[in-house]
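Novice: Below are the structure tokens for one structure; questions will follow.
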Amino acid sequence: MQYNEKNTRRDYDKGGISRHDLNSNPFQQMAQWMDAAKQANSLDATAMTLATVDETGQPSARVVLLKHFNDQGFCWYTNYASRKGQQLEKNPKAALSFYWRELSRQVQIEGTVKKLSAAEADEYFHSRPLDSQISAAVSHQSQPVDSRQTMEQKAEQLKAQYKDQVPRPETWGGYLLAPHYFEFWQGRPNRLHDRFVYLLQDGVWKIQRLQP
Ligand SMILES: Cc1cc2nc3c(=O)[nH]c(=O)nc-3n(C[C@H](O)[C@H](O)[C@H](O)COP(=O)(O)O)c2cc1C
């Protein structure tokens, strides 16, 4: 089996970024780019690839949805007993990556991760649609299951039991990644792209242009 995409490429022509375009605060810069992605009707603008590493050094990556961020960090919700949850328990370092194809932009963020409080998890869990709460309660995320039917039966039982809201499973909650590194990438024609990193040094964000 061979799959060849050697000739698949396109030019990125959505403009460039220069040092004086950048906000000195990378969280503000991220907010500006997130706003722009939404204005460009980027589907799943808040979807980010989350990379974690297990205790042997093996990385794994999957998409999760960014739910909120501020100057402290970037937050998502998941199951603490999932594969990523187990990896973060042992190694609380992670990386996030956003790609907004409509704008030819990528953002990479690296930092350390901690759990959000139970109160924050409760608040967000119960703000979700009832069916989503049921699915989260039914799923032992990342564990094997014999059939889909097994999960659907459990969901039906919970639907009959709870009409307004479902108790939040103890293993379901949020994480916050506190960054020490950001990279903003703007695709440019002919592969001479713009890249700027923000590095946290002695509590101050230093900005540096990188070669593409
Ligand atoms: C667009 C998209 C959004 C997703 N959002 C989430 C999310 O917010 N939380 C989550 O736990 N899984 C989310 N998933 C599923 C994860 O990618 C993954 O399958 C799941 O979290 C189990 O990952 P793990 O076994 O590596 O822990 C999403 C998947 C996609 C494609």
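Novice: Can you tell me the dipole magnitude for the stretch 1-147 around its Cα centre, using point charges on the Cβ only (Lys, Arg +1; Asp, Glu -1), in Debye to the nearest 20?
Specialist: 360 debye
Novice: At 1.4 Å probe size, with no ligands or nucleic acids counted, give the accessible surface of residue 56 in Å², nearest ten.
Specialist: Its accessible surface works out to 110 Å², give or take rounding.
Novice: Per residue, what volume in Å³ does the convex hull of the Cα atoms of the stretch 4-109 enclose?
Specialist: Normalising the Cα hull of the stretch 4-109 by residue number yields 154 Å³.
Novice: Residue farthest toward the positive end of the dipole of the chain, with Cβ of Lys/Arg at +1 and Asp/Glu at -1: which of 72, 162, 116?
Specialist: After comparing all options, I get 72.
Novice: Once every Cα of the stretch 35-74 carries one equal point scatterer and solvent is ignored, give the base-10 log of I(q)/I(0) from the Debye formula at q = 0.18, 0.26, 0.28 Å⁻¹, two decimals.
Specialist: The Debye formula, applied to the Cα set alone, gives -0.66, -0.93, -0.97.
Novice: Could the peptides 37-47, 23-33 be put in order, highest first, of the mean number of other beta-carbon atoms found within 10 Å of their residues?
Specialist: 23-33, 37-47
Novice: I've got another one for you. Extending each Cα 7 Å along its Cβ direction at residue 126 and residue 155, get the distance between those two points in nm, one decimal.
Specialist: Inter-label distance under the simple model: 2.4 nm.
Novice: What do you get for the angle between helix 118-127 and the principal long axis of the chain? Use alpha-carbon atoms, 0 to 90 degrees, nearest ten.
Specialist: In the chain, helix 118-127 runs at an angle near 80 degrees to the longest axis.
Novice: A follow-up question, please. With the cut-off at 21 Å, tell me which of the pairs 14/38; 84/114; 67/114; 84/154 have Cα atoms farther apart than that. Don't skip to the end; give the middle numbers.
Specialist: Values: 14/38 15 Å; 84/114 13 Å; 67/114 15 Å; 84/154 24 Å.
Exceeds cut-off: 84/154.
Novice: At a 1.4 Å probe, what is the % contribution of carbon and sulfur to the accessible area of the stretch 1-122?
Specialist: 46 percent
Novice: Bin all alpha-carbon pair distances of the stretch 98-159 at 5 Å intervals from 0 and give each bin's fraction as a whole percent.
Specialist: Calculated P(r), rounded to whole percents: 4, 13, 14, 13, 13, 16, 14, 9, 3, 0.
Novice: Residue by residue through the stretch 135-146, what is 3J(HN,Hα) from phi via Karplus (6.51 cos²θ - 1.76 cosθ + 1.60, θ = phi - 60°)? Round to whole Hz and write x for glycine and proline.
Specialist: These are the phi-based 3J(HN,Hα) values: 4, 5, 6, 6, 8, 8, 3, 6, 8, x, 9, 6 Hz.
Novice: So, one more: Report D for the stretch 128-212 in µm² per second (integer): Stokes-Einstein, Kirkwood Rh on Cα pairs, 10 °C, 1.306 mPa s.
Specialist: In µm²/s, the coefficient is 91.
Novice: Right, next: Please compute one quarter of the surface area of the Cα convex hull for the chain and express it in square nanometres.
Specialist: Working: hull surface 62.8 nm².
That works out to 15.7 nm², a quarter of the Cα hull's surface.
The values are calculated or read from the model by the stated rules, or taken from the named source; none is laboratory data. These figures come from a predicted structure and were not determined experimentally. Neighbour counts are summed over all protein chains in view; Cβ atoms, including those assigned to glycine, are modelled from backbone coordinates with ideal geometry. To get the accessible areas, we keep the full protein, side chains included, count just its heavy atoms, and leave off ligands, DNA and RNA. Shrake-Rupley method; radii C 1.70, N 1.55, O 1.52, S 1.80 Å.
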